[in-house]
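The values are calculated or read from the model by the stated rules, or taken from the named source; none is laboratory data. Just so it is clear, the structure is predicted and the values come from calculations on it, not from any experiment. When we count neighbours, we look across all protein chains shown, and the Cβ atoms used for this are built from the backbone with ideal geometry, even at glycine. Remember, those area values only see protein heavy atoms, side chains included, never the ligands or the DNA or RNA. Shrake-Rupley method; radii C 1.70, N 1.55, O 1.52, S 1.80 Å.
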Amino acid sequence: MELWYTEKQTPHLGITCQVKETLCTRMTAFQELAVLDTLQFGKMLVLDGMVQTTVEDEFIYHEMITHVPLLTHPNPKQVLVIGGGDGGTIKQIVKHPGVSRAVLVEIDEEVVKACKEHLPEISGGALEDSRVEVIITDGLKYVESCKEQFDIILVDSTEPVGPAVGLFTQEFYQNIFDALTPQGIMVAQTESPFYNRDLIRSVTKRVEKVFPVTRLYLASVPTYPSGLWSFTLGSKVHDPLKVEIFEDLDTRYYSPEVHRSSFVLPGFTKELLEGK
Ligand code: SAM
């Protein structure tokens with residue numbers, strides 16, 4: 001018998017994958033968690049019915065949320081990730097030899113456990129790197145009461161529902177600004193420019209209120225709604241459009257050319273920044 005899984009991406013559209021095996025399903029204290037082995041994208045993490053990452057296309061999102069800010073900053077040493085319990089972002093961060101400490105703050109311990117057990121490819125063992133610390137707590141509270149400062153903060157969150165709602169607020173971006181060093185940079189994943197237009201408009205306005213430099217950039221992620229994904233960058237000093245990039249990292253999507261081109265926005269996305 002063939003098994004198919006559908007994520008309802010909008011009330012009127014879904015993405016459907018043929019499932020080889022269901023590796024785990026559980027209700028955690030925060031969300032419904034599943035790891036599915038699919039024929040097209042390999043193993044896949046699903047939270048509350050929404051695809052979070054897959055073995056086949058994870059590199060695109062994780063490289064783009066990480067390398068754009070880390071290569072915009074001249075010398076990032078301390079990096080904080082909010083969310084990202086699958087470890088894919090941390091795997092990209094530890095590729096930077098200058099990083100001396102990377103802290104992952106994930107609210108749901110079950111995500112970290114399930115990914116270590118069923119999706120070890122996503123983190124590639126990076127969560128065990130001696131520079132990495134995993135803290136299980138609410139990222140909102142962590143940033144609010146943070147005593148140290150980071151050069152980079154990455155908000156690798158779920159969609160703005162449940163525990164992630166507060167991760168898209170003005171207050172949170174202000175707390176992030178305060179937790180960043182004087183040349184600090186933050187990037188938040190900000191959903192699809194096709195389906196989440198109001199969210200992108202509001203996040204842009206909120207980040208602009210706090211950061212001198214605000215930029216939106218895009219990447220194509222096949223398993224995310226509409227296939228086109230956005231990231232919002234807030235920077236205290238450095239502009240990702242004005243930096244020369246010479247690093248030669250081991251990547252499959254990110255490159256200095258892709259870095260530059262990801263900020264070139266098609267008209268229907270550019271208009272979101274103009275308040276249209
Ligand atoms: N790449 C993904 C995407 O855009 O679909 C995000 C993946 S990562 C699994 C998202 C993580 O954020 C989840 O594991 C979730 O538990 C975590 N999360 C949600 N709200 C959080 C909060 N307030 N503090 C820390 N982590 C949070």
In deg cm²/dmol, rounded to the nearest 500, the helical mean residue ellipticity at 222 nm of the chain, built from -39500 (n - 2.57) for every DSSP H run of length 4 or more, is -7500 deg cm²/dmol
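What is the dipole size for region 3-53, taken about its Cα centre, with +1 at each Lys and Arg Cβ and -1 at each Asp and Glu Cβ, in debye to the nearest 20?
On the way: 4 positive and 5 negative charges, 10 e Å.
It works out to roughly 40 debye.
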Restricting to Cα pairs under 8 Å and 6 or more apart, the percent relative contact order of the chain works out to 16
Per residue, accessible area of the chain with a 1.4 Å probe, heavy atoms of protein chains only, in Å², comes to 43
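Can you list the GluC sites (Glu not before Pro) in region 91-156 that are in a DSSP coil and have 16 or fewer other beta carbons within 10 angstrom? Could the numbers behind the result be given before it?
Values: sites: GLU106, GLU109, GLU110, GLU117, GLU121, GLU128, GLU133, GLU144, GLU148; in loops: GLU148.
Hits after loop and neighbour filter: GLU148.
In percent, what relative contact order does region 102-227 have, based on Cα pairs under 8 Å that are 6 or more apart in sequence? Please report the intermediate quantities before stating the final value.
On the way: 127 pairs, mean separation 26.3, N = 126.
About 21 percent, as a whole number.
Could you tell me the ratio Rg/Rh of region 137-276? Both radii from Cα atoms, Rh via Kirkwood.
Numbers: Rg = 14.9 Å, Rh = 15.7 Å.
Across region 137-276, the Cα-based Rg/Rh ratio is 0.95.
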The long-range amide H neighbours of LEU228, using H built 1.01 Å from N in the peptide plane and a cut-off of under 5 Å, are VAL221
Residue-ordered couplings for region 260-267, obtained by feeding phi - 60° into the Karplus form 6.51 cos²θ - 1.76 cosθ + 1.60 and rounding to whole Hz (Gly and Pro as x), are 5, 6, 5, 8, 7, 9, x, x
Probe 1.4 Å, all chains present, heavy atoms only: LYS141 accessible area in Å², nearest 10, is 130
Expressed in square angstrom to the nearest 10, the accessible area of SER157 with a 1.4 Å probe stands at 10
Going residue by residue through region 130-139, the Karplus relation 6.51 cos²θ - 1.76 cosθ + 1.60 with θ = phi - 60° gives ³J(HN,Hα) values, rounded to whole Hz and with x marking Gly or Pro, of 5, 7, 9, 10, 9, 10, 9, 6, 6, x
Under the Karplus relation with 6.51, -1.76 and 1.60 and θ = phi - 60°, whole-Hz ³J(HN,Hα) for region 40-50, x at Gly and Pro, equal 7, 10, x, 6, 9, 9, 10, 10, 6, x, 10
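Express the C-alpha Rg of region 103-146 as a ratio against the empirical globular expectation 2.2 N^0.38 Å, rounded to two decimals. Display every interim value, and only then the final one.
On the way: Rg = 11.4 Å, N = 44, 2.2 N^0.38 = 9.3 Å.
So region 103-146 has a normalised radius of gyration of 1.23.
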Quick calc: nm separation of the 7 Å Cα→Cβ label points for ALA29 and ARG260 -> 4.9
Semi-axes of region 3-53 from the Cα gyration tensor (sqrt of 5 times each eigenvalue, largest first, whole Å) come to 17, 15, 8
In whole angstrom, the spacing between the Cα centers of region 242-264 and region 20-72 equals 24
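Any idea what diffusion coefficient the chain gets from Stokes-Einstein, in µm²/s, Kirkwood Rh on alpha carbon pairs, 4 °C, 1.567 mPa s? Provide the component values of the computation, followed by the final result.
Details: Rh = 18.7 Å.
Estimated diffusion coefficient is 69 µm²/s.
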On the formula 1/(1 + (r/R0)^6), with r taken between the Cβ atoms of VAL237 and HIS12 and R0 of 35 Å, the FRET efficiency rounded to 0.05 is 0.20
